[in-house]
Amino acid sequence: MSRLSPASLAPLSALIAVTLFSINDVLMKLFSDGYALHQIVLVRSVAGLVLTVLVMAPLAGGFHLLRTKRLGIHMARAGCVFFANMMFFLGLSALPLADAVALFFVSPFIITIFSVLFLGEVVGPRRWVAVALGLLGVVIVLRPATSAFQVASLLPIAAAFGYAGLHILTRYMRGTENAVSMTFYIQVMFLVLCCVLGLWMGDGRFHDDSPEALAFLVRPWVVPELAPFIGMLLLGILASVGGYCISQAYRLGEAALVAPFEYLALPLGILWGILVFGEWPDAMAWLGIALILASGLYTVWRENKVLKDEMQAKNLRT
């Protein structure tokens, strides 16, 4: 049986990752009214770290894959993931699932801007128009200056900046690092930072009269019942396998190839919101989501076309 080519494996890895992350979001939202966020993430990280060390590393080739000479960049990347996760999950606790996912999808537009600023990539006027339309969609979902606006809506946007930083660093280091080491150092960072947060606020000292989203962060730790505890362990498996798959996707394929498959998160977010939480997007939300989806997909398509044109021009010159 022939092995899958990188052109096939990269989008497949992205599809698996997005599906697992989507299920992760549903479970996290279900747990958000009973447990502290950093307690959930700590249990999740322990499970993820065990899975990475005992299963992923041996299957991928051995523990030597965990060695790195770029620890600083790994820590910076892991910090971006931690920030993105914490901001998104806090927003998720207070917002409809579809809205939170849609607002988070400002990240491809931020990635485009970051690519210009930090990687020296060239972006044409059509892609800038698509970015502008996508940002308009975000504004429509946000609905600032109306009674529908929630401060918590800014949290998924903050998460998008962390996610954009993650992808820029993944592109920067993909030539020397592997998906197992990328997943491992993320789990280590999560473990350390959640322990710090637990020692600082795990007794619930900041919990009184906290807003809904903030309450998820400062709620005191409690001993979980068996079913929620198993769910938290499942979160670790989903996050680790998803993190491995998305790292693998961006290592094996160009962003223009992989990114469209990440947009599966939008219809999945809408579907889970309706089926699990009974959250139907209203007309304005549908309009904003449609703009974000259309402009994001166009941006990715345009990037892919420009890349192909540049490669053809280069081949003609050689």
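Filter the stretch 4-30 for residues that are small (Gly, Ala, Ser) and at pLDDT 85 or above and give the result.
13, 14, 17, 22, listed by residue number.
Could you list all residues from the stretch 251-296 that are charged (D, E, K, R) and part of a helix (DSSP H, G or I)? First the steps, then the outcome.
So in the stretch 251-296, the residues charged (D, E, K, R) come out as 251, 254, 262, 279, 282.
251, 262 - these are the residues of the stretch 251-296 that are charged (D, E, K, R) and part of a helix (DSSP H, G or I).
Quick grid of which residues meet (1) assigned to a helix (DSSP H, G or I); (2) acidic (Asp, Glu); (3) without any contact (Cβ under 8 Å) to a residue 12 or more places away in the chain:
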{"site": "78", "(1), (2), (3)": "yes, no, no"}
{"site": "89", "(1), (2), (3)": "yes, no, no"}
{"site": "101", "(1), (2), (3)": "yes, no, no"}
{"site": "109", "(1), (2), (3)": "yes, no, no"}
{"site": "116", "(1), (2), (3)": "yes, no, yes"}
{"site": "133", "(1), (2), (3)": "yes, no, no"}
{"site": "149", "(1), (2), (3)": "no, no, yes"}
{"site": "158", "(1), (2), (3)": "yes, no, no"}
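One line per residue, one yes/no per condition, for (1) without any contact (Cβ under 8 Å) to a residue 40 or more places away in the chain; (2) open to solvent by less than 60 Å² (accessible area, probe 1.4 Å); (3) farther than 17 Å from residue 80 by Cα; (4) more than 19 Å from the chain's Cα centre (by Cα):
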residue	(1), (2), (3), (4)
163	no, yes, no, no
202	no, yes, yes, yes
224	no, yes, yes, yes
231	no, yes, yes, yes
236	no, yes, yes, no
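Would you point out which residue out of 114, 118 is open to solvent by 30 Å² or more (accessible area, probe 1.4 Å), under 19 Å from the mean Cα position of the chain (by Cα) and farther than 19 Å from residue 187 by Cβ?
Only one candidate passes the filter, namely 114.
Test of understanding: among 296, 288, 273, 278, which residue is within 18 Å of residue 26 (Cβ to Cβ) and surrounded by 19 or more Cβ atoms within 10 Å (Cβ to Cβ)?
After ruling out the rest, the residue left standing is 273.
Would you check if there is a residue in the stretch 179-191 being assigned to a helix (DSSP H, G or I) and out of contact with any helix residue (DSSP H, G or I) (no Cβ under 9 Å at 6 or more places or on another chain)?
For the stretch 179-191, residues assigned to a helix (DSSP H, G or I) and out of contact with any helix residue (DSSP H, G or I) (no Cβ under 9 Å at 6 or more places or on another chain): absent.
Which is farther than 17 Å from residue 195 by Cα and open to solvent by 40 Å² or more (accessible area, probe 1.4 Å), of 65, 71, 27?
Numbers: 65 fails: open to solvent by 40 Å² or more (accessible area, probe 1.4 Å); 27 fails: open to solvent by 40 Å² or more (accessible area, probe 1.4 Å).
Of the residues listed, the single one that is farther than 17 Å from residue 195 by Cα and open to solvent by 40 Å² or more (accessible area, probe 1.4 Å) is 71.
How do the pairs read when you match residues in the stretch 272-300 that are under 13 Å from residue 103 (Cα atoms) with residues anywhere that are aromatic (Phe, Trp, Tyr) and open to solvent by less than 70 Å² (accessible area, probe 1.4 Å), using Cβ under 8 Å and keeping only pairs 6 or more apart or on different chains?
As it stands, the answer is 292/105; 293/105; 293/263; 296/105; 296/109; 296/263, since those pairs meet every condition given.
The values are calculated or read from the model by the stated rules, or taken from the named source; none is laboratory data. Nothing here was measured: the structure is a model prediction, and the numbers come from that model. Every residue, glycine as well, gets a Cβ built from its backbone with ideal geometry; the counts of neighbours run over all protein chains shown. Surface accessibility is based on the protein's heavy atoms, side chains included, excluding ligands, DNA and RNA. Shrake-Rupley method; radii C 1.70, N 1.55, O 1.52, S 1.80 Å.
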